[in-house]
Amino acid sequence: MSDELKSTSCEQADVEPTATNSAVPIWIIVLTLILLFLGAVYFDRHSGWFDQQVYAPFNSAEELARYQPQSGEAAMITHSKAVYESVCGTCHGSDGLGKPNQAPLLAGSEWVVKDIQSLVRIPQAGLNGPIQVAGHDWNLSMAPMGAGLSDADLAGVLSYIRQSWGNKGGAVSADDVKNARTAISGNAPSAADLAKMTPVERGHAVFQKYGCFQCHGPDGKGGVHNTNAKTAEQVPSLIYVADGYTKDELKKFIMTGERDIPRMNLAGPEPPHFMPSWGSIISSNELDDLPSFLFSLKLKGEKSDF
Amino acid sequence: MINQNRFSVFLLGAATLALLGAGVARAADSLDAETKARIERFEKGALTIDVSKYPGGIRDNYEVFSTKCTQCHKLSRPINCDYVMPDEWSRYVKRMMHKPGSGIDTADGKKIYEFLVYDSSVRKKTMLDDKLAKATAEDKKAAEAKIKEVRDKYDK
């Protein structure tokens, strides 16, 4: 018994260990490919493409504190500030100082701290015509930028502007906005009134409501100056859209908008005006009526084809 | 050693593929990708048209077409796009013509339009016939009349 064992172990010791070449199993290669692909997709989605904010998100504890989850009032203010920046800030400025020939200042404006209903009316219904703000005369128009905001969001934004930049107004509650909105809606054309109007008239109302004339001129007859835009530095007029678009093409264009306005001088600044995407702002009924009005702008007696 | 080399080649290949994949995923995220992709596809096609067999008037119009339209975009965009019907060209040319500062007056616009209608009836005949077949009887009749008008004017 023990002899047998001995001889076996002796035999095994005699065999030289050898190393053989063999191909890497195909499944490892496939697995590597899949993992690499997923890795790259993950990298693409989450790396921030080496953005400073991702790789050096903060320089001090103070800065970091802003990124901490907030609750109650602090969160409300942060949210309202964000809404302000996206809806109002483009024209009125992040600093509330307004922009020359575009929008009056809000910092120190008597309208901001006045009674709540007059204030709600401005973002809710828009504002056209002359107004004096902090001793200066303005005669511009503003689209109903806040009409699509919820009561709470609009209240938040109004509270934000009433209490920022040195303004000393009281907070506005969602109920205040709701009441003011009910009072204002009494003046808007009713569904029955709208049904009596022709599509062109309804389209004109839409054109006025959303302030299209601010850029495209009264009745779309001539656009405002647009520095460095390839279109002769003008926002195009709309009197020829009937020749250039079908109704569906026009609707699609209004919905999508055009953010990248080609530049006249490639090295020059980005043109300040661009076509917003109205898809999420105007209702589908309004979008149906608008082309009727725009097509009616065509000059009488002009041939539409060649 | 050989296997190691082979493996690093595989790794390289895999990395390239992965990056490509990520790129595709990224492109799909961007806004209005459909329209952009469509235009890019057109622009990748031929940059010029061989007009040597076209009548003289059409050859002259091709000159207007190639000088005016390249002020703002590559000529390959209209050359390879899927517009073929006279009304499509009419809208497209009018849309471009009425952009402020285009420098295309009605006379130039008409030349460009007639060139495009003529060219579509020759070079893009299959696509044109296909669209004509799908059009309503009324639209088909109007389109054929327009094409005939342009062909008669230049073919003489």
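Looking at A:Asp248, A:Asp243, which is the one that is assigned by TED's automatic domain parsing to the domain that holds A:Pro271, of a type in the set (D, E, K, R), in contact with a Ser or Thr (Cβ under 9 Å, 6 or more places away or on another chain) and at pLDDT 90 or above?
It is A:Asp243.
Across segment B:105-127, what is the number of residues that are aliphatic (A, V, I, L, M) and within 12 Å of chain A (Cβ to nearest Cβ)?
4
So in segment B:98-113, with the set limited to residues that are touching an Asp or Glu at 6+ places or on another chain (Cβ under 9 Å) and crowded, with 21+ Cβ neighbours inside 10 Å, which one is nearest to B:Tyr62 (Cα to Cα)?
B:Lys111
Within segment B:69-110, how many residues turn out to be in contact with a helix residue (DSSP H, G or I) (Cβ under 7 Å, 6 or more places away or on another chain) and of a type in the set (Phe, Trp, Tyr)?
Matching residues across segment B:69-110 total 2.
Name the one entry in A:Leu287, A:Leu294, A:Leu266, A:Leu238 that is outside any helix (DSSP H, G or I) and more than 11 Å from chain B (Cβ to nearest Cβ).
Sole residue among the options that is outside any helix (DSSP H, G or I) and more than 11 Å from chain B (Cβ to nearest Cβ): A:Leu266.
Would you check if A:Asp219 is of a type in the set (Asp, Glu) and surrounded by 20 or more Cβ atoms within 10 Å (Cβ to Cβ)?
The answer is no for A:Asp219.
Which of the numbered conditions does B:Tyr92 fail, given that it passes all the others? Conditions: (1) more than 13 Å from the chain's Cα centre (by Cα); (2) closer than 30 Å to A:Lys221 by Cβ.
It is condition (1) that B:Tyr92 fails.
Among the numbered criteria (1) under 23 Å from A:Ala174 (Cβ atoms); (2) out of contact with any Gly (no Cβ under 6 Å at 6 or more places or on another chain), which one does A:Pro123 miss?
(2)
Can you spot a residue in segment A:281-293 that is under 12 Å from the mean Cα position of the chain (by Cα) and either touching a residue at least 40 places away in the same chain (Cβ under 8 Å) or crowded, with 16+ Cβ neighbours inside 10 Å (or both)?
yes
In segment B:119-147, which residue that is in a helix (DSSP H, G or I) and of a type in the set (S, T, N, Q) is farthest from B:Gly56 (Cα to Cα)?
Ranking the candidates gives B:Thr126 first.
With the structure loaded, tell me whether A:Ala229 is over 21 Å from A:Leu299 (Cα atoms), of a type in the set (Gly, Ala, Ser), buried (at least 20 other Cβ atoms within 10 Å of the Cβ) and within 12 Å of chain B (Cβ to nearest Cβ) or whether it fails that test.
Against the criterion (over 21 Å from A:Leu299 (Cα atoms), of a type in the set (Gly, Ala, Ser), buried (at least 20 other Cβ atoms within 10 Å of the Cβ) and within 12 Å of chain B (Cβ to nearest Cβ)), A:Ala229 qualifies.
Name every residue in segment A:84-108 that is crowded, with 19+ Cβ neighbours inside 10 Å and more than 23 Å from A:Cys215 (Cα to Cα), in order of residue number.
none
Only one of these is surrounded by fewer than 19 Cβ atoms within 10 Å (Cβ to Cβ), in a helix (DSSP H, G or I) and within 13 Å of chain B (Cβ to nearest Cβ): A:Asp248, A:Asp243, A:Asp305. Name it.
Only one candidate passes the filter, namely A:Asp248.
Just give me the residues in segment B:66-104 being among the small types (Gly, Ala, Ser), within 9 Å of chain A (Cβ to nearest Cβ) and more than 20 Å from B:Lys148 (Cβ to Cβ), in sequence order.
Answer for segment B:66-104, where residues must be among the small types (Gly, Ala, Ser), within 9 Å of chain A (Cβ to nearest Cβ) and more than 20 Å from B:Lys148 (Cβ to Cβ): B:Gly101, B:Ser102.
Restricting to segment A:285-306, count the residues that are closer than 16 Å to A:Lys252 by Cβ and modelled with pLDDT under 90.
1
Would you confirm whether any residue within segment A:29-37 is in a helix (DSSP H, G or I) and away from chain B (no Cβ under 14 Å)?
no
The values are calculated or read from the model by the stated rules, or taken from the named source; none is laboratory data. These figures come from a predicted structure and were not determined experimentally. Neighbour counts run over all protein chains shown; Cβ positions are idealised from the backbone, glycine included.
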